[in-house]
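Below you'll find the structure, written out as structure tokens, and then a few comments.
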Amino acid sequence: GESVGLHLPTLSVQEGDNSIINCAYSNSASDYFIWYKQESGKGPQFIIDIRSNMDKRQGQRVTVLLNKTVKHLSLQIAATQPGDSAVYFCAENTSGTYKYIFGTGTRLKVLA
Amino acid sequence: KAGVTQTPRYLIKTRGQQVTLSCSPISGHRSVSWYQQTPGQGLQFLFEYFSETQRNKGNFPGRFSGRQFSNSRSEMNVSTLELGDSALYLCASSLNRGDTDTQYFGPGTRLTVL
């Protein structure tokens with residue numbers, strides 16, 4: 001199957017701090033990207049998306065940055081809260097392929 | 001608006017059996033994708049359907065198959081189950097006004113093969 005994902009890196013942050021989760025995507029032709037949050041026992045939940053004609057997009061407490069030169073995506077979460085504890089995945093899509101390729105995932109732990 | 005629903009939520013089967021999983025997309029969504037999620041391999045794409053046609057398929061053996069009905073509901077089937085098929089099977093739907101619409105996931109079906 002197609003996926004990157006043998007080991008799950010973990011990011012631990014103090015409650016109230018900002019979190020930055022990084023993702024290296026695989027295909028330079030990818031033109032649409034999504035960040036998902038997955039809590040234990042649940043399906044991935046949409047957080048924010050960005051198209052390749054943008055390099056930054058902001059949502060509520062979250063910002064996604066896209067650097068196409070180095071094929072890098074990041075998710076910034078402001079004022080991290082205990083409810084943000086979850087696994088975060090980036091997903092990339094290339095027009096015409098009708099499929100998403102998911103990154104390894106990063107586990108975010110929020111310390112009280 | 002109701003989200004993506006998947007049935008059953010949990011399933012236990014033995015090796016050699018077959019299984020059928022069901023997915024009902026968000027109302028109005030016409031594209032349905034299936035993924036397999038395991039701790040070792042992460043989220044892997046199985047296949048995508050739109051208007052009852054499979055438009056793409058991941059690198060899985062032919063034991064994995066799917067279909068989509070005229071109401072956009074989808075099923076996937078796994079025949080001759082193996083222990084390694086134990087996983088969380090996720091369904092996602094999108095509007096598909098274009099092929100880069102946001103996918104929304106269901107809660108998944110947890111399949112355990114004994």
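For B:Asn56, the conditions (1) buried (at least 22 other Cβ atoms within 10 Å of the Cβ); (2) within 20 Å of A:Ile101 (Cα to Cα) are fulfilled apart from (1). Mind checking which residues of the range B:80-108 are within 10 Å of another protein chain (Cβ to nearest Cβ) and either more than 15 Å from B:Glu48 (Cβ to Cβ) or open to solvent by 40 Å² or more (accessible area, probe 1.4 Å) (or both)? Those that are within 10 Å of another protein chain (Cβ to nearest Cβ) and either more than 15 Å from B:Glu48 (Cβ to Cβ) or open to solvent by 40 Å² or more (accessible area, probe 1.4 Å) (or both): B:Leu88, B:Tyr104, B:Pro107, B:Gly108.
When the range B:62-79 is filtered for residues that are free of Cβ contacts under 8 Å to residues at least 40 places away in the same chain, in a loop (DSSP other than H, G, I, E, B) and either among the basic types (Lys, Arg) or open to solvent by less than 40 Å² (accessible area, probe 1.4 Å) (or both), only B:Arg63 remains. Being in contact with a Phe, Trp or Tyr (Cβ under 7 Å, 6 or more places away or on another chain) and charged (D, E, K, R) narrows it down to one residue among B:Arg15, B:Arg9, B:Arg30; which is it? Going through B:Arg15, B:Arg9, B:Arg30 in turn, the sole match is B:Arg30. In the range B:38-61, what residues are more than 7 Å from chain A (Cβ to nearest Cβ), under 15 Å from B:Gly84 (Cα atoms) and not in a strand (DSSP E or B)? Correct list: B:Pro39, B:Pro61.
Each residue in the range B:80-111 was checked for being within 14 Å of the chain's Cα centre (by Cα) and in a loop (DSSP other than H, G, I, E, B), and 5 pass.
For the range A:65-100, a residue qualifies if it is under 25 Å from B:Phe47 (Cα atoms), over 14 Å from the mean Cα position of the chain (by Cα) and hydroxyl-bearing (Ser, Thr, Tyr), and the qualifying residues are A:Thr94, A:Ser95, A:Thr97, A:Tyr98. Residues that are open to solvent by 40 Å² or more (accessible area, probe 1.4 Å) and either under 13 Å from A:Tyr88 (Cβ atoms) or facing chain B (nearest Cβ under 8 Å) (or both) within the range A:15-30 comprise A:Ile20, A:Asn22, listed in sequence order. Look at (1) in contact (Cβ under 8 Å) with a residue 24 or more places away in the chain; (2) surrounded by 12 or more Cβ atoms within 10 Å (Cβ to Cβ); (3) away from chain B (no Cβ under 13 Å) and you find that A:Arg61 fails only one, number (1). Taking the range A:1-103 as the region of interest, the strands (runs of 3 or more DSSP E) fully inside it that hold 1 or more residues being in contact with a helix residue (DSSP H, G or I) (Cβ under 9 Å, 6 or more places away or on another chain) are A:10-14, A:19-24, A:32-38, A:72-77.
For the residues A:Thr69, A:Thr80, the requirement of being more than 14 Å from chain B (Cβ to nearest Cβ) and surrounded by fewer than 16 Cβ atoms within 10 Å (Cβ to Cβ) singles out A:Thr69. Residues in the range B:6-37 that are within 11 Å of the chain's Cα centre (by Cα) and either within 13 Å of B:Thr109 (Cα to Cα) or away from chain A (no Cβ under 14 Å) (or both): B:Gln6, B:Thr7, B:Thr20, B:Leu21, B:Ser22, B:Cys23, B:Ser24, B:Trp34, B:Tyr35, B:Gln36, B:Gln37.
The values are calculated or read from the model by the stated rules, or taken from the named source; none is laboratory data. A quick note: this is a predicted structure, and the numbers were derived from the prediction, not measured. Positions of Cβ are generated from backbone atoms using ideal geometry, with glycine treated the same way; all protein chains shown enter the neighbour counts. Surface areas here come from the heavy atoms of the whole protein model, side chains and all, with no ligands, DNA or RNA. Shrake-Rupley method; radii C 1.70, N 1.55, O 1.52, S 1.80 Å.
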